[in-house]
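*Asks:* Pasting a structure here, questions to come.
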Amino acid sequence: MNLVPSQYRNVSVADIPVPLDEPSVRGYLLGRPAYRRTRYLVARHGTASAVLEVSKESEQPLFSPITAVALVAGAGETAFVDAPEADTAIPSQLARVAAERAPRARCVIVRGRYGHVSFIADPAPVRVTVVEVVPPRPAKLVDQLTRVLDLAEDLPPVELLPDLVDLAELAGSRPSAHYLFPCRAGGSAAETLGAVGPGTDGPGAAGKGAGVSYLDEVPGRRPWTLVGCARSRAIHDFFYGDEVDVVDMCPRALAGRRSAGRTGPVLTKCCLLEDRVSAESDCVVVPWGATFAQVKEGLQLALRAYAPAPP
(Lines give C-alpha, C1' and ligand atoms only; values in the text may rest on other atoms or scores of the structure.)
Protein backbone atom coordinates (compact mmCIF):
# COMPACT_ATOMS: atom_id res chain seq x y z
CA MET A 1 0.00 0.00 0.00
CA ASN A 2 0.96 3.63 -0.51
CA LEU A 3 3.76 2.84 -2.96
CA VAL A 4 5.30 6.22 -3.79
CA PRO A 5 8.77 6.70 -5.33
CA SER A 6 11.19 8.18 -2.83
CA GLN A 7 12.09 10.86 -5.41
CA TYR A 8 10.35 11.75 -8.63
CA ARG A 9 13.70 11.66 -10.45
CA ASN A 10 13.55 7.88 -9.95
CA VAL A 11 10.62 7.91 -12.41
CA SER A 12 11.08 8.02 -16.18
CA VAL A 13 8.33 8.45 -18.76
CA ALA A 14 8.45 6.80 -22.19
CA ASP A 15 6.11 6.20 -25.11
CA ILE A 16 6.61 2.64 -26.26
CA PRO A 17 5.40 1.00 -29.49
CA VAL A 18 4.05 -2.21 -27.96
CA PRO A 19 0.90 -3.04 -25.93
CA LEU A 20 1.25 -2.53 -22.18
CA ASP A 21 0.91 -6.15 -21.09
CA GLU A 22 3.84 -7.51 -19.12
CA PRO A 23 5.25 -9.95 -21.74
CA SER A 24 5.18 -7.28 -24.46
CA VAL A 25 6.84 -4.54 -22.41
CA ARG A 26 9.40 -6.98 -21.01
CA GLY A 27 10.34 -8.14 -24.48
CA TYR A 28 10.65 -4.55 -25.66
CA LEU A 29 12.61 -3.16 -22.70
CA LEU A 30 15.07 -5.93 -21.77
CA GLY A 31 18.56 -4.97 -22.87
CA ARG A 32 17.67 -1.35 -23.59
CA PRO A 33 19.71 1.32 -21.81
CA ALA A 34 18.16 3.09 -18.80
CA TYR A 35 19.41 6.08 -16.83
CA ARG A 36 21.18 5.03 -13.64
CA ARG A 37 18.62 6.77 -11.35
CA THR A 38 15.59 5.21 -13.04
CA ARG A 39 13.77 2.70 -10.88
CA TYR A 40 10.25 3.10 -12.23
CA LEU A 41 9.05 3.63 -15.78
CA VAL A 42 5.72 5.21 -16.69
CA ALA A 43 5.09 3.51 -20.02
CA ARG A 44 2.58 5.08 -22.40
CA HIS A 45 1.00 3.55 -25.48
CA GLY A 46 -1.60 5.72 -27.13
CA THR A 47 -3.90 6.94 -24.36
CA ALA A 48 -3.04 4.03 -22.04
CA SER A 49 -0.47 4.10 -19.25
CA ALA A 50 1.19 1.49 -17.04
CA VAL A 51 3.83 1.59 -14.32
CA LEU A 52 6.83 -0.72 -14.39
CA GLU A 53 9.72 -1.35 -12.03
CA VAL A 54 13.03 -1.95 -13.77
CA SER A 55 16.37 -3.37 -12.67
CA LYS A 56 19.64 -2.56 -14.43
CA GLU A 57 22.94 -4.29 -14.92
CA SER A 58 24.65 -1.55 -12.90
CA GLU A 59 23.83 1.80 -11.33
CA GLN A 60 27.37 3.12 -11.68
CA PRO A 61 27.54 4.25 -15.32
CA LEU A 62 25.20 6.95 -16.59
CA PHE A 63 23.20 4.38 -18.60
CA SER A 64 23.05 0.64 -18.17
CA PRO A 65 21.06 -2.19 -19.84
CA ILE A 66 17.74 -3.18 -18.28
CA THR A 67 17.92 -6.72 -16.89
CA ALA A 68 14.47 -7.18 -15.33
CA VAL A 69 11.00 -5.68 -15.67
CA ALA A 70 8.09 -6.05 -13.21
CA LEU A 71 4.60 -4.72 -13.73
CA VAL A 72 3.55 -2.45 -10.83
CA ALA A 73 0.16 -1.53 -12.31
CA GLY A 74 -1.31 -2.42 -15.67
CA ALA A 75 -3.15 -0.14 -18.07
CA GLY A 76 -6.57 -1.31 -16.92
CA GLU A 77 -5.95 -0.25 -13.33
CA THR A 78 -3.98 2.95 -13.92
CA ALA A 79 -5.10 6.55 -14.42
CA PHE A 80 -2.97 9.43 -15.71
CA VAL A 81 -3.92 12.79 -14.19
CA ASP A 82 -2.74 16.30 -14.97
CA ALA A 83 -2.70 18.28 -11.71
CA PRO A 84 -0.37 21.28 -12.18
CA GLU A 85 -1.09 22.52 -8.66
CA ALA A 86 0.24 19.34 -7.01
CA ASP A 87 3.85 18.79 -5.95
CA THR A 88 4.53 15.19 -6.93
CA ALA A 89 7.36 14.94 -4.39
CA ILE A 90 4.81 15.09 -1.55
CA PRO A 91 3.07 11.74 -0.80
CA SER A 92 0.02 13.38 0.83
CA GLN A 93 -0.51 15.55 -2.22
CA LEU A 94 -0.36 12.49 -4.50
CA ALA A 95 -2.89 10.71 -2.29
CA ARG A 96 -5.19 13.73 -2.32
CA VAL A 97 -5.09 13.96 -6.13
CA ALA A 98 -5.77 10.23 -6.39
CA ALA A 99 -8.80 10.44 -4.08
CA GLU A 100 -10.25 13.50 -5.78
CA ARG A 101 -9.47 12.81 -9.43
CA ALA A 102 -9.28 9.03 -9.87
CA PRO A 103 -10.79 7.29 -6.83
CA ARG A 104 -11.40 3.98 -8.63
CA ALA A 105 -7.89 3.56 -10.01
CA ARG A 106 -5.47 1.26 -8.22
CA CYS A 107 -2.56 3.36 -9.42
CA VAL A 108 -2.64 7.07 -10.21
CA ILE A 109 0.11 8.74 -12.24
CA VAL A 110 0.26 12.49 -11.62
CA ARG A 111 1.86 15.09 -13.84
CA GLY A 112 2.10 17.98 -11.42
CA ARG A 113 3.94 21.17 -10.62
CA TYR A 114 7.04 21.88 -12.74
CA GLY A 115 5.88 19.15 -15.13
CA HIS A 116 7.26 16.46 -12.80
CA VAL A 117 5.67 13.02 -12.98
CA SER A 118 5.27 10.51 -10.17
CA PHE A 119 2.64 8.03 -9.02
CA ILE A 120 0.95 6.43 -6.06
CA ALA A 121 -0.08 2.75 -6.14
CA ASP A 122 -2.67 1.27 -3.81
CA PRO A 123 -3.30 4.57 -2.01
CA ALA A 124 -4.35 4.11 1.60
CA PRO A 125 -3.45 7.31 3.46
CA VAL A 126 -3.20 7.12 7.23
CA ARG A 127 -6.30 8.81 8.62
CA VAL A 128 -5.42 11.12 11.49
CA THR A 129 -8.26 12.60 13.54
CA VAL A 130 -7.59 16.17 14.67
CA VAL A 131 -9.64 17.30 17.67
CA GLU A 132 -9.80 21.10 17.84
CA VAL A 133 -12.09 23.89 19.02
CA VAL A 134 -13.35 26.74 16.83
CA PRO A 135 -13.26 29.70 16.54
CA PRO A 136 -10.76 30.81 15.37
CA ARG A 137 -11.43 29.71 11.82
CA PRO A 138 -9.78 28.06 10.08
CA ALA A 139 -9.11 25.72 12.97
CA LYS A 140 -5.50 26.50 13.80
CA LEU A 141 -4.16 22.99 14.43
CA VAL A 142 -5.84 21.60 11.30
CA ASP A 143 -4.43 24.50 9.28
CA GLN A 144 -0.93 23.97 10.69
CA LEU A 145 -1.06 20.23 9.96
CA THR A 146 -2.28 20.88 6.41
CA ARG A 147 0.62 23.26 5.82
CA VAL A 148 3.10 20.77 7.29
CA LEU A 149 1.79 17.99 5.05
CA ASP A 150 2.00 20.22 1.98
CA LEU A 151 5.79 20.19 2.44
CA ALA A 152 6.31 16.76 4.00
CA GLU A 153 8.41 14.76 1.54
CA ASP A 154 9.49 12.40 4.34
CA LEU A 155 6.06 11.41 5.66
CA PRO A 156 3.69 8.76 4.27
CA PRO A 157 0.37 9.82 2.74
CA VAL A 158 -1.93 11.28 5.39
CA GLU A 159 -5.61 12.25 5.36
CA LEU A 160 -6.69 14.64 8.11
CA LEU A 161 -10.11 14.08 9.68
CA PRO A 162 -11.04 17.31 11.51
CA ASP A 163 -13.23 16.77 14.57
CA LEU A 164 -14.17 20.36 15.35
CA VAL A 165 -16.02 21.46 18.47
CA ASP A 166 -17.84 24.77 18.11
CA LEU A 167 -17.35 26.88 21.22
CA ALA A 168 -20.77 28.51 20.90
CA GLU A 169 -22.47 25.11 20.81
CA LEU A 170 -20.31 23.91 23.69
CA ALA A 171 -21.21 26.98 25.74
CA GLY A 172 -24.88 26.51 24.88
CA SER A 173 -24.80 23.07 26.48
CA ARG A 174 -24.68 24.93 29.81
CA PRO A 175 -27.33 27.73 29.59
CA SER A 176 -26.11 30.99 31.06
CA ALA A 177 -26.85 34.69 30.76
CA HIS A 178 -23.12 35.44 30.63
CA TYR A 179 -20.07 33.52 29.47
CA LEU A 180 -16.40 34.06 30.25
CA PHE A 181 -13.95 32.93 27.55
CA PRO A 182 -10.17 32.73 28.03
CA CYS A 183 -9.35 35.39 25.41
CA ARG A 184 -10.44 37.04 22.18
CA ALA A 185 -8.54 34.56 19.96
CA GLY A 186 -10.29 34.52 16.63
CA GLY A 187 -12.32 37.58 17.62
CA SER A 188 -15.64 35.85 17.06
CA ALA A 189 -16.81 34.32 20.32
CA ALA A 190 -19.02 37.31 21.09
CA GLU A 191 -20.27 37.49 17.51
CA THR A 192 -21.06 33.78 17.47
CA LEU A 193 -23.06 34.04 20.66
CA GLY A 194 -24.83 37.15 19.42
CA ALA A 195 -23.66 39.42 22.24
CA VAL A 196 -24.36 43.13 21.94
CA GLY A 197 -20.71 43.77 22.82
CA PRO A 198 -17.97 42.40 25.03
CA GLY A 199 -18.94 42.39 28.65
CA THR A 200 -22.62 43.17 27.96
CA ASP A 201 -25.68 41.21 28.98
CA GLY A 202 -28.02 40.23 26.20
CA PRO A 203 -31.70 39.39 26.59
CA GLY A 204 -31.38 35.61 26.35
CA ALA A 205 -30.51 33.04 28.96
CA ALA A 206 -28.26 30.93 26.72
CA GLY A 207 -26.53 31.04 23.35
CA LYS A 208 -27.82 33.88 21.23
CA GLY A 209 -27.95 37.13 23.14
CA ALA A 210 -25.79 35.99 26.05
CA GLY A 211 -23.20 38.36 27.47
CA VAL A 212 -19.54 37.61 26.83
CA SER A 213 -16.37 38.62 28.69
CA TYR A 214 -12.73 37.61 28.32
CA LEU A 215 -10.61 36.31 31.18
CA ASP A 216 -7.36 37.85 29.92
CA GLU A 217 -8.97 41.31 30.27
CA VAL A 218 -9.73 40.61 33.96
CA PRO A 219 -13.27 42.05 33.84
CA GLY A 220 -15.30 42.87 36.91
CA ARG A 221 -16.77 39.74 38.47
CA ARG A 222 -20.20 38.71 37.20
CA PRO A 223 -22.32 35.59 37.63
CA TRP A 224 -20.82 33.98 34.55
CA THR A 225 -20.06 30.51 33.24
CA LEU A 226 -16.42 29.96 32.38
CA VAL A 227 -15.83 28.27 29.03
CA GLY A 228 -12.25 27.19 29.60
CA CYS A 229 -9.88 24.54 30.85
CA ALA A 230 -7.74 23.69 33.88
CA ARG A 231 -5.38 26.57 33.12
CA SER A 232 -8.29 29.00 32.73
CA ARG A 233 -9.72 27.79 36.02
CA ALA A 234 -6.36 28.39 37.75
CA ILE A 235 -6.19 31.91 36.33
CA HIS A 236 -9.78 32.53 37.44
CA ASP A 237 -8.91 31.34 40.94
CA PHE A 238 -5.92 33.69 41.04
CA PHE A 239 -7.92 36.79 40.13
CA TYR A 240 -11.31 36.04 41.70
CA GLY A 241 -10.73 33.32 44.29
CA ASP A 242 -14.26 31.92 44.23
CA GLU A 243 -16.25 29.08 42.76
CA VAL A 244 -17.27 29.23 39.12
CA ASP A 245 -19.36 27.04 36.85
CA VAL A 246 -17.07 25.63 34.13
CA VAL A 247 -17.67 24.22 30.66
CA ASP A 248 -14.53 22.28 29.80
CA MET A 249 -13.24 23.28 26.36
CA CYS A 250 -9.82 21.58 26.55
CA PRO A 251 -9.28 19.75 23.23
CA ARG A 252 -7.28 17.09 25.07
CA ALA A 253 -10.23 16.35 27.36
CA LEU A 254 -12.70 16.55 24.46
CA ALA A 255 -10.62 14.02 22.51
CA GLY A 256 -10.96 11.54 25.37
CA ARG A 257 -14.72 12.04 25.61
CA ARG A 258 -15.25 11.74 21.84
CA SER A 259 -13.17 8.58 21.27
CA ALA A 260 -16.01 6.04 20.97
CA GLY A 261 -15.86 4.17 17.67
CA ARG A 262 -12.75 5.99 16.51
CA THR A 263 -9.86 4.12 14.87
CA GLY A 264 -6.42 5.41 14.01
CA PRO A 265 -4.25 8.07 15.60
CA VAL A 266 -5.56 11.26 17.18
CA LEU A 267 -3.79 14.60 17.35
CA THR A 268 -4.91 17.44 19.59
CA LYS A 269 -3.51 20.19 21.84
CA CYS A 270 -3.47 21.37 25.44
CA CYS A 271 -2.25 24.57 27.09
CA LEU A 272 -0.84 22.63 30.06
CA LEU A 273 1.91 21.46 27.70
CA GLU A 274 4.15 24.48 27.23
CA ASP A 275 7.32 23.22 25.55
CA ARG A 276 6.95 19.54 24.71
CA VAL A 277 4.86 17.04 22.78
CA SER A 278 3.16 14.19 24.64
CA ALA A 279 2.19 10.77 23.25
CA GLU A 280 -0.52 8.91 25.15
CA SER A 281 -1.33 5.58 23.48
CA ASP A 282 -2.88 6.54 20.13
CA CYS A 283 -3.42 10.20 21.15
CA VAL A 284 -0.67 12.76 20.62
CA VAL A 285 -0.93 16.17 22.29
CA VAL A 286 0.99 19.27 21.21
CA PRO A 287 1.22 22.57 23.10
CA TRP A 288 -1.60 25.06 22.58
CA GLY A 289 0.81 27.46 20.87
CA ALA A 290 2.72 24.74 19.04
CA THR A 291 5.39 25.68 16.51
CA PHE A 292 5.41 24.01 13.10
CA ALA A 293 8.35 21.91 14.29
CA GLN A 294 6.28 20.68 17.25
CA VAL A 295 3.28 20.03 15.01
CA LYS A 296 5.43 17.92 12.69
CA GLU A 297 6.94 16.09 15.69
CA GLY A 298 3.42 15.32 16.91
CA LEU A 299 2.38 14.07 13.49
CA GLN A 300 5.44 11.82 13.29
CA LEU A 301 4.61 10.33 16.70
CA ALA A 302 0.99 9.80 15.66
CA LEU A 303 2.07 8.02 12.49
CA ARG A 304 4.76 5.86 14.05
CA ALA A 305 2.51 2.95 14.92
CA TYR A 306 0.35 3.25 11.78
CA ALA A 307 2.58 4.14 8.84
CA PRO A 308 3.75 1.30 6.58
CA ALA A 309 7.44 0.83 5.99
CA PRO A 310 8.73 2.99 3.13
CA PRO A 311 9.10 1.22 -0.23
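The values are calculated or read from the model by the stated rules, or taken from the named source; none is laboratory data. Being a predicted model, the structure only gives us computed values, none of them experimental. In this analysis, Cβ positions are derived from the backbone assuming ideal geometry, glycine residues included, and neighbour counts consider all displayed protein chains. The accessibility values were calculated without ligands, DNA or RNA, using every heavy atom of the protein model including side chains. Shrake-Rupley method; radii C 1.70, N 1.55, O 1.52, S 1.80 Å.
*Asks:* Answer yes or no as to whether Thr268 is within 15 Å of Val131 (Cα to Cα), assigned to a loop (DSSP other than H, G, I, E, B) and among the hydroxyl-bearing types (Ser, Thr, Tyr).
*Replies:* no
*Asks:* With respect to the numbered conditions (1) open to solvent by less than 50 Å² (accessible area, probe 1.4 Å); (2) under 17 Å from Ala302 (Cα atoms), which one is the sole condition not fulfilled by Ala121?
*Replies:* Looking at each condition in turn, Ala121 falls short on (2).
*Asks:* Filtering segment 129-176 down to residues that are in a strand (DSSP E or B) and of a type in the set (Asp, Glu), which residue is modelled with the lowest pLDDT?
*Replies:* Of segment 129-176, the ones in a strand (DSSP E or B) are 129-134, 158-166.
So of that shortlist, the ones also of a type in the set (Asp, Glu) come out as 132, 159, 163, 166.
Details: Glu132: 97, Glu159: 97, Asp163: 97, Asp166: 93.
Among those residues, the one meeting the criterion is Asp166.
*Asks:* Does segment 89-103 contain any residue that is open to solvent by less than 50 Å² (accessible area, probe 1.4 Å), more than 30 Å from Val158 (Cα to Cα) and modelled with pLDDT of 95 or more?
*Replies:* Keep residues of segment 89-103 that are open to solvent by less than 50 Å² (accessible area, probe 1.4 Å), which gives 89-95, 97-98, 102.
Going one step further and asking which of them are more than 30 Å from Val158 (Cα to Cα), we end up with none.
Taking every residue of segment 89-103 in turn, none turns out to be open to solvent by less than 50 Å² (accessible area, probe 1.4 Å), more than 30 Å from Val158 (Cα to Cα) and modelled with pLDDT of 95 or more.
*Asks:* Can I ask one more? Assuming Gly115 fulfils every condition listed in (1) over 20 Å from the mean Cα position of the chain (by Cα); (2) within 30 Å of Gly298 (Cβ to Cβ) apart from one, which condition is it?
*Replies:* Going through (1) over 20 Å from the mean Cα position of the chain (by Cα); (2) within 30 Å of Gly298 (Cβ to Cβ) one by one, Gly115 breaks only (2).
*Asks:* While we're on this one: So in segment 220-234, with the set limited to residues that are over 28 Å from the mean Cα position of the chain (by Cα) and in contact (Cβ under 8 Å) with a residue 24 or more places away in the chain, which one is farthest from His178 (Cα to Cα)?
*Replies:* Among those residues, the one meeting the criterion is Ser232.
*Asks:* Would you check which residues across segment 240-279 are among the β-branched types (Val, Ile, Thr) and either in contact with a His (Cβ under 6 Å, 6 or more places away or on another chain) or over 16 Å from Ala290 (Cβ atoms) (or both) and list them?
*Replies:* Within segment 240-279, Val244, Val246, Val247, Thr263 qualify.
*Asks:* Also: Among (1) under 20 Å from Tyr8 (Cα atoms); (2) more than 29 Å from the chain's Cα centre (by Cα); (3) assigned to a strand (DSSP E or B), which single condition is Ala68 missing?
*Replies:* Here Ala68 clears every test but (1).
*Asks:* Check Pro103, Pro84 and return the single one that is without any contact (Cβ under 8 Å) to a residue 12 or more places away in the chain and either of a type outside the set (Lys, Arg) or within 16 Å of Ala43 (Cα to Cα) (or both).
*Replies:* Pro103
*Asks:* Looking at Ala48, Ala86, can you tell me which residue is farther than 12 Å from Ala121 by Cβ, in contact with a helix residue (DSSP H, G or I) (Cβ under 7 Å, 6 or more places away or on another chain), modelled with pLDDT of 95 or more and open to solvent by 20 Å² or more (accessible area, probe 1.4 Å)?
*Replies:* Ala48
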